[in-house]
Amino acid sequence: MATGREQFKQRQEAIAALGRPLSRRARSRCELCDASGTRLTPFEVAPIPEEPDPDHAVMLCDRCITGATGGKIQGNEWRFLETAAWNELAPVQVLAVRMVRRLEADKSVDWASDLLGMLYLPPEVEEWLG
C-alpha cells in the first residue's frame, strides 16, 4: 500500500504528464490571460477527478495560478477574464467565472457584475460551478 507521500508524488507526476497535451491545446500560452513566453504549469480545476484529466485542467502562468489559488486579484488588472469566461473549454470557463465572481464580491469592480449578468453558461458548466 502506498503512503500518503508516495500517493502525492504519483499524483504530481501524473499532473506533470498532462503538461504536453495541455501545452499543445493551449499553444504554449496561458489559458486564462493568453500570456506567452512564460513558464506554464498544469492546474487542476476543482472538483478534482480521481485520476488527472486534461478535461479538468488548464495551463496557467504563475500570476494566474496565484489568482486561481485564492491570491489577491484586483479589478482592471484581471480584465482578461472577460474573454476567458467565454472560452469554449469548460475548465477555462469554470475557472474564469469563479474568479470573476470573486471580483464581483469586491463590489468595486463594475465590469465583473456586468459580465456575469450577460454571460451564458452551458448546463455542464453551471453544474461544474455548483
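The values are calculated or read from the model by the stated rules, or taken from the named source; none is laboratory data. All values derive from a computational prediction rather than experimental measurement. Neighbour counts run over all protein chains shown; Cβ positions are idealised from the backbone, glycine included.
Identify, please: which residue in region 68-85 is among the hydrophobic types (A, V, I, L, M, F, W, C) and in a loop (DSSP other than H, G, I, E, B) and is, among those, farthest from Val97 (Cα to Cα)? Looking at the filtered set, the residue picked out is Ile73. Selection of region 6-24 for residues being surrounded by fewer than 14 Cβ atoms within 10 Å (Cβ to Cβ) and basic (Lys, Arg) yields Lys9, Arg20, Arg24.
Taking residues in region 64-93 that are without any contact (Cβ under 8 Å) to a residue 12 or more places away in the chain and closer than 18 Å to Leu40 by Cβ, and partners anywhere that are assigned to a loop (DSSP other than H, G, I, E, B) and of a type in the set (D, E, K, R), the pairs with Cβ atoms closer than 8 Å and at least 6 places apart or on different chains are Thr66/Lys72. Among residues of region 98-130 being over 22 Å from Gln74 (Cα atoms) and not in a helix (DSSP H, G or I), the one that is modelled with the lowest pLDDT is Gly130.
Listed here are the residues, each with its yes/no results for (1) over 30 Å from Gln7 (Cβ atoms); (2) hydrophobic (A, V, I, L, M, F, W, C); (3) under 15 Å from the mean Cα position of the chain (by Cα).
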| site | (1), (2), (3) |
| --- | --- |
| Glu44 | no, no, yes |
| Thr69 | no, no, yes |
| Trp78 | yes, yes, yes |
| Ala90 | no, yes, yes |
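Answer yes or no as to whether Thr3 is of a type in the set (Ser, Thr, Tyr), exposed (fewer than 13 other Cβ atoms within 10 Å of the Cβ) and at pLDDT below 95. Here the answer is yes, as Thr3 does meet what is asked.
Would you confirm whether any residue within region 3-21 is of a type outside the set (A, V, I, L, M, F, W, C) and in a loop (DSSP other than H, G, I, E, B)? Within region 3-21, one or more residues are of a type outside the set (A, V, I, L, M, F, W, C) and in a loop (DSSP other than H, G, I, E, B). Asp106: within 22 Å of Lys9 (Cα to Cα), of a type outside the set (Lys, Arg) and surrounded by fewer than 20 Cβ atoms within 10 Å (Cβ to Cβ), yes or no? Judged against the criteria, Asp106 is not a match.
Table: residues versus (1) surrounded by 17 or more Cβ atoms within 10 Å (Cβ to Cβ); (2) of a type outside the set (A, V, I, L, M, F, W, C); (3) more than 27 Å from Asp114 (Cα to Cα).
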site: Cys33; (1), (2), (3): yes, no, no
site: Pro42; (1), (2), (3): yes, yes, yes
site: Pro47; (1), (2), (3): no, yes, no
site: Pro54; (1), (2), (3): yes, yes, yes
site: Leu60; (1), (2), (3): yes, no, no
site: Ala84; (1), (2), (3): yes, no, no
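The residue list Val45, Val92 contains one member that is within 18 Å of Glu124 (Cβ to Cβ), in contact with a His (Cβ under 8 Å, 6 or more places away or on another chain) and at pLDDT 90 or above, which is Val45.
Answer yes or no as to whether Leu95 is assigned to a helix (DSSP H, G or I) and either of a type in the set (Asp, Glu) or surrounded by fewer than 20 Cβ atoms within 10 Å (Cβ to Cβ) (or both).
Numbers: assigned to a helix (DSSP H, G or I): yes; either of a type in the set (Asp, Glu) or surrounded by fewer than 20 Cβ atoms within 10 Å (Cβ to Cβ) (or both): no.
No, not satisfied.
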